[in-house]
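> Can you keep this structure in mind? I'll have questions shortly.
Any read-out appearing in this document is the output of simple, stated calculations on the displayed coordinates, not a laboratory observation. All figures in this text were calculated on a predicted structure; none of them were measured in a lab. Heads up, the Cβs are rebuilt from the backbone with ideal geometry, glycines too, and the neighbour counts pull from every protein chain shown.
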Amino acid sequence: MANEKQRKEQTTDDLLRDLLIVQLGLAGLTQHQIREIVGVDIHRVNRIVKHFKKVSK
């Protein structure tokens, strides 16, 4: 039972990290800046942010 609860917590943490990556990407931060803030691997950030359209300034 405790293992299932721990798995749910990890899933929730992963989801919240992914949502933070999305929000920071939409805010216009670079992938390197997002990686430093969220504290995850650059490949995880790249996997999510690559789906955004480039915003021209």
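> Based on the alpha carbons, how large is the Rg to Rh ratio for the range 2-49 when Rh follows Kirkwood? Before the final figure, lay out the partial values.
Details: Rg = 12.0 Å, Rh = 11.2 Å.
Expressed as Rg/Rh, it is 1.07.
> Next question, about the same structure. Arg47: net charge of surrounding residues, Cβ under 11 Å, Lys/Arg +1, Asp/Glu -1, itself excluded?
Values: positive: Arg44, Lys50; negative: Asp18, Asp41.
It works out to a net charge of 0.
> In nm, give the distance between the simple-model label positions of His32 and Thr11, each being 7 Å from the Cα along the Cα-to-Cβ direction.
It works out to 3.7 nm between the two label points.
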